[in-house]
Amino acid sequence: HGFNLTFTYCACLTLRRFQTCNRSLSTIVAFVRAGPNGQVLSNDWKKQVFLLSDRTVEFHSQFGKHHATRIPHFGRALAYHPETCELLLAGASEDIFRLSLERGCFLKPLSTGSSGINCLGLCPSHGMLAVGTADGHVQLFDPRQQRRLGACDVLNAVSKSENIEPEMASREVTALRFDPRGLGLAVGTSTGHVALYDIRRAAPIAMKDHGYGLPMVDIKYHGEKYIVSSDPKIIKVWRADSTGSAAANVTTIQPGANINDVAIYKGSGLIFAGLETERLGAYFVPALGPAPRWCHFLDALTEEMEEQPSESVYDDYKFVTREELDKLNLSSLIGTKVLRPYMHGFFLDSRLHQKATALSEPFAYEQWRKAQLAAKIESKTKARIAPVKRTKLPKVNADLAQELRKSESNPALTTDEAPAMGSLLNDDRFAQLFTNPDFEIDNSAEEFLARKPHLRLQKQAPKVAEAASADEDEADEGNDDDDDDDD
């Protein structure tokens, strides 16, 4: 509110107010009883009301506590309706107590018929009141006419959408919030789901599952585009125009402690989270908006982080095993701060690793340089036309050796067949097959021709051709003799 931020610390029963202009603590208000649930009654922080854990309602002004009263049942939620100047209080009963701040007395309560009320929500645009009950229902009231406008069963809608059956003990509505236009309503349940409703229809238009199964703590609208929902473990920012069960996530924030409440600084990307720690959680999301004027330096920080990518913790370290340490003669460093144990080895400073490598292998650079030169020469010679290498055939079984070499270069053969056939030339056990004349294969033997009948046809082909040519010659000679006789 303006230039002041107000936060409540439940552990020490204090309320602390900070000034944004000075970014410092301004005032501290102490409570006698725990569990303050507050509401600001004016445009600034000077008029506030708090609902305590012992059914006490305290009114505070600028100087401190102004007045206190009590309600019949333990309270859980409160809301202020400025049009009627009524303070609405609800808790462990079916009634919503109406305290008129203009008359200074309680009015006739609103009856919901439920076993308890967990949360209240007022729409700032049309003044409609939304009530989240412990039975899993949301009821809508018009505070001006004190009558119910409608109701819907949120837990049944969640069960049908997510195919789950929540237990009776967890069928509760724990958070709700109207959108700035007043037509949308976000409802959080005890099962960790958020249902988006259009108040003109009873079925939800979108469903968001936080995934932890924990009750929703708070729901906030960031303008008309985004929704900030939180449970005790995580804060999720997602688009308000989502439909169906797959709501688009913008970002997620997971603090190191449980979350009690979430607040958004209006018109900016700054999010505050009340945690179970001494310090307040503050997070800046540039996608949601700029930084406030009183902490404008956040914009510069985010720009620097985008320009300079963050380095990993072990970017300047080299991972080495124990065997590599022995080769580098650095085994004596085990147990010191120089080596950081990790998995099956250690992380060593890269500069120290380079020095140790240079000392243990003084000629490593020369070897590396020669390897680079050889690789460069080889890459240049690959482009040249390589000469055809003619291999000499053995004197014994030359035809067999030539056939085996053709089988090595034949791509049609499988990888299992080609090495088996080509290995005969390089196998010492079959060396005499190509050197000893006693092992020479007789190509004219009947046994050889019976295993390769195509060779028999090749040998018979010249004889058949000679016989055919001889028959033709005899036929030509016979024709010439007949011609002579006729003459």
Q. Are there any pairs with C-beta distances below 8 angstrom linking a residue in the range 332-352 that is at positive phi to a residue that is outside any strand (DSSP E or B) and surrounded by 12 or more Cβ atoms within 10 Å (Cβ to Cβ), with the two at least 6 apart or on different chains, and if so which?
A. none
Q | Among (1) modelled with pLDDT of 90 or more; (2) surrounded by 23 or more Cβ atoms within 10 Å (Cβ to Cβ); (3) touching a helix residue (DSSP H, G or I) at 6+ places or on another chain (Cβ under 9 Å); (4) farther than 17 Å from MET128 by Cα - the single one PRO215 does not satisfy | A | (2)
Q.
Checking TYR226 against (1) surrounded by 17 or more Cβ atoms within 10 Å (Cβ to Cβ); (2) under 23 Å from THR20 (Cβ atoms); (3) in contact with a Gly (Cβ under 8 Å, 6 or more places away or on another chain), only one condition comes out false. Which one?
A. (3)
Q: Please identify the pairs in which a residue from the range 114-128 that is farther than 16 Å from PRO143 by Cα has its Cβ atom under 9 Å from the Cβ atom of a residue that is in a strand (DSSP E or B) and acidic (Asp, Glu), counting only partners at least 6 apart or on another chain.
A: ILE117/ASP95
(Q) within 48 Å of the chain's Cα centre (by Cα), open to solvent by 20 Å² or more (accessible area, probe 1.4 Å) and acidic (Asp, Glu): is that true of GLU102 in this structure? (A) no
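Does at least one position in the range 279-286 carry a residue that is closer than 25 Å to LEU140 by Cβ and aliphatic (A, V, I, L, M)?
no
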Q) Among the residues of the range 65-81, is any open to solvent by less than 40 Å² (accessible area, probe 1.4 Å), in contact with a Pro (Cβ under 7 Å, 6 or more places away or on another chain) and either under 27 Å from VAL173 (Cβ atoms) or not assigned by the TED database to the domain that holds VAL131 (or both)? A) yes
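A quick yes/no check of all residues on (1) outside the structural domain of PHE347 (by the TED database); (2) within 24 Å of ASP231 (Cβ to Cβ); (3) modelled with pLDDT of 85 or more; (4) not basic (Lys, Arg):
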site: LYS266; (1), (2), (3), (4): yes, yes, yes, no
site: VAL285; (1), (2), (3), (4): yes, yes, yes, yes
site: GLY289; (1), (2), (3), (4): yes, yes, yes, yes
site: ASP326; (1), (2), (3), (4): no, no, yes, yes
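For LYS208, indicate whether it is charged (D, E, K, R), within 20 Å of THR174 (Cα to Cα) and at pLDDT 90 or above. Reasoning before the result, please.
On the way: charged (D, E, K, R): yes; within 20 Å of THR174 (Cα to Cα): yes; at pLDDT 90 or above: no.
For LYS208, the condition - charged (D, E, K, R), within 20 Å of THR174 (Cα to Cα) and at pLDDT 90 or above - is not met.
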Q: Scan the range 26-56 for residues that are aliphatic (A, V, I, L, M), part of a strand (DSSP E or B), open to solvent by less than 50 Å² (accessible area, probe 1.4 Å) and more than 12 Å from PHE74 (Cβ to Cβ) and jot them down.
A: VAL29, VAL40, VAL49
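Here are some residues: GLY188, GLY192. Which one is closer than 19 Å to ASN249 by Cβ, modelled with pLDDT of 90 or more and surrounded by 14 or more Cβ atoms within 10 Å (Cβ to Cβ)?
Details: GLY192 fails: modelled with pLDDT of 90 or more.
So the residue among GLY188, GLY192 that is closer than 19 Å to ASN249 by Cβ, modelled with pLDDT of 90 or more and surrounded by 14 or more Cβ atoms within 10 Å (Cβ to Cβ) is GLY188.
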Q | Residues satisfying the stated conditions in the range 61-92, i.e. within 23 Å of ARG144 (Cα to Cα), touching a strand residue (DSSP E or B) at 6+ places or on another chain (Cβ under 7 Å) and among the β-branched types (Val, Ile, Thr) | A | ILE71
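The values are calculated or read from the model by the stated rules, or taken from the named source; none is laboratory data. Note that the coordinates shown come from a computational prediction; the quantities given were computed from them, not determined experimentally. For neighbour counting, all protein chains shown are included, and Cβ atoms are generated from backbone atoms with ideal geometry for every residue, glycine included. Just so you know, the surface numbers come from the protein's heavy atoms only, side chains and all, with ligands and any DNA or RNA stripped out. Shrake-Rupley method; radii C 1.70, N 1.55, O 1.52, S 1.80 Å.
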